[in-house]
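The values are calculated or read from the model by the stated rules, or taken from the named source; none is laboratory data. These figures come from a predicted structure and were not determined experimentally. Methodologically, a virtual Cβ is constructed for each residue, glycine included, from the backbone with ideal geometry; neighbour enumeration extends over all protein chains shown. Surface areas here come from the heavy atoms of the whole protein model, side chains and all, with no ligands, DNA or RNA. Shrake-Rupley method; radii C 1.70, N 1.55, O 1.52, S 1.80 Å.
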Amino acid sequence: MATTETMNGQEQHPHEMTEYNGTHRLFMQSMLSHRILEESQAEVIYEKICDMLNADKADFGDFVAVINKEISDVDLALRRTVDEYNSSAIIALVNTRGDEVAQLATTYTANEIGFFKRVLELIVTADDEAFSLGSMAAIREGPKLKPAFSQRETEELLNKLVADKWLMRRRDGYYVLHMRSIIELQNYLKETFENEIHECLMCMEIVTVGERCSQGRCEVRLHTHCAAGYFPEQDNGSEIKCPTCGTTWARDNTIGTIRQ
Amino acid sequence: MSSRARRQRILRDEDDEDDEYTQPSTSGTQRESKRIRQEDSSYNELDSQLTAEQTSQDLERKVNDTVRYALACEHRKQVIRKDDIARKVLTDRSRSFPAIFDKTQAKLRHLFGMELTELVSKEKSNPAKRAAANGKVVLSKTYVLRNILPEEQNDPQIIHHTDDEYQSTGLLYVILSLIFVNEQSMNDELLMSHLNRLRIPEESETFGDRARMLDGFVKQGYLQRQKLNAEVAQSDQPVFQYSWGPRAKAEVPEQNMVGLISSVYHVQGSELDRLQDSIYKAASIDT
Ligand SMILES: [Zn+2]
Ligand SMILES: [Zn+2]
């Protein structure tokens, strides 16, 4: 087996950190297998790769930038964002070409995609911006389809969607969108559910877990972590207000969180 | 030098000298596209010059599409058929397959450390035909996407494999070794009785439906299943025979299989040599 340096017929120059080399290649294999990772895990993997290949460790952001420059040709990108559910930094391998849902067709049948779309709809349009779907309600959807899935098939399909990181099963048993769906299917979600999907006023990304303005007609939504950064510490006694309409902001007016 | 080449030469010389250094990559593709178009003499020269740029962009697009298609097939653990690449990806450019294929390979190696490996075709079951093939390897026009990074880089702390993958790979290796030491083929009845002895039930939590799992291995090219004709089978019931599929042959070297089987016995030295000899014999391979 040729070493990674000679695979391109190129030497690896210590001063050219921007060259796409064996570390990038192996990291791409890792991302192809994981699809989405906490950034802290991704950095551990990157360190491990550098150790293994005896390469100097670059700044992780620069390292990702080198990869993105190279893989954009094949409509792939590494995207760094924040996990809505636990506010940790994450990195995902995403398709950048349109018709995102159609790309699911590489691993799912048309009927399975039909079911997934229905589940997406039920999650996104859930009452009171709950952005979740009870497991019994999800299982009941399978037999309603044409052609119908049996209850067992529906459960298997839901498990597969969870394993593939399209859906997530919350600790209360409800299905919610996995961050992978929120990142990879964002255009589909925005276009299909124009009225239900909001973008966070702070970071402009889709928000399905966070806080909302108490003024019913105001569209302002903030991620939990974005709101925490925006609003001052509460103990100084001053009232906090919606940045757009000025209505008093109630930090407990949340969306997409577990309802008691 | 053709008149067109001369004109391009002149145009180029009028430009900055540095252009010389950026030319080779584009003129390479232009040469290819020129060759492709020579088959179609109805183009006049101006047309072909105008479309040269377009064509090389097109080719680039098709290369990227082929890369994506290969990744998608691999994700499903499906073999990649040349016909499917031509029909589903290249469509109107399917005549450019060789050029696109080479560039796709270069891109796969560069970006992901992977390459398309053409599978060896089914060996002819008929001995006369096998003799006619004269020991030559028959290629199948189907490919798998193979990891070409050094084996030690396939570290579970870096590359993620699901539990399902581990379990089904484990079972696949058991089946491959059973077939291997049974002179490279095994009928379904014997294979089923082995699986029963290993307590792998018809239907299980871990492996699911056994028949469906075997179908999967056949579809992925790891196993090959052949219906024996009634004479050979000496039975009224249809008898199927399993052997290694082209993908197993490509991905699992014989000596690795022998090493795996002999590792079960914890023997060393001359005893290990004797054991391995007998494994080769059971596999009816001359050593
Ligand atoms: Zn935000
Ligand atoms: Zn407001």
Report the label-to-label distance for A:GLN151 and B:ARG61 in nanometres (one decimal), using points 7 Å from each Cα along the Cα→Cβ vector. 5.0 nm
Rounded, prolate or oblate: pick one for chain A, where a ≥ b ≥ c are the square roots of the eigenvalues of its C-alpha gyration tensor, a/c under 1.5 means rounded, and failing that, prolate if a/b is larger than b/c, else oblate. oblate
With labels modelled as points extended 7 Å from the Cα through the Cβ direction, what inter-label distance (nm, one decimal) is found for B:LYS227 paired with B:ALA282? 3.2 nm
Beyond a 27 Å Cα-Cα separation, which of these cross-linked pairs lie in this structure: B:LYS82/B:LYS219; A:LYS146/B:LYS227; B:LYS77/B:LYS107? A:LYS146/B:LYS227
Summing -39500 (n - 2.57) over every DSSP H run of at least 4 in chain A, dividing by its residue total and rounding to the nearest 500, the 222 nm mean residue ellipticity is -12000 deg cm²/dmol
At a Förster radius of 60 Å, what calculated FRET efficiency corresponds to the Cβ-Cβ distance of A:ASP62 and B:ASP236, to the nearest 0.05? 0.30
At a 1.4 Å probe radius, carbon and sulfur cover how many percent of the accessible area of chain A? 47 percent
Roll a 1.4 Å probe over the protein heavy atoms and report the accessible area of A:ASP62 in Å², nearest 10. 90 Å²
Averaged over its residues, how many other protein chain Cβ atoms are within 10 Å of peptide A:20-32's Cβ atoms? 5
Over the Cα atoms of segment A:126-260, Rg to Rh with Kirkwood Rh, two decimal places? 1.05
Between A and B, buried accessible area summed over both sides at probe 1.4 Å, in Å² to the nearest 100? 2800 Å²
FRET E, pair A:THR125, B:GLN184, Förster distance 60 Å, beta-carbon r, rounded to 0.05: 0.55
I'd like the projected area of segment A:101-192, averaged over all directions, using the convex hull of its alpha carbons. Report it in nm² with one decimal. 5.7 nm²
Peptide B:149-158, shielding by other chains (average Cβ, 10 Å cutoff): 6
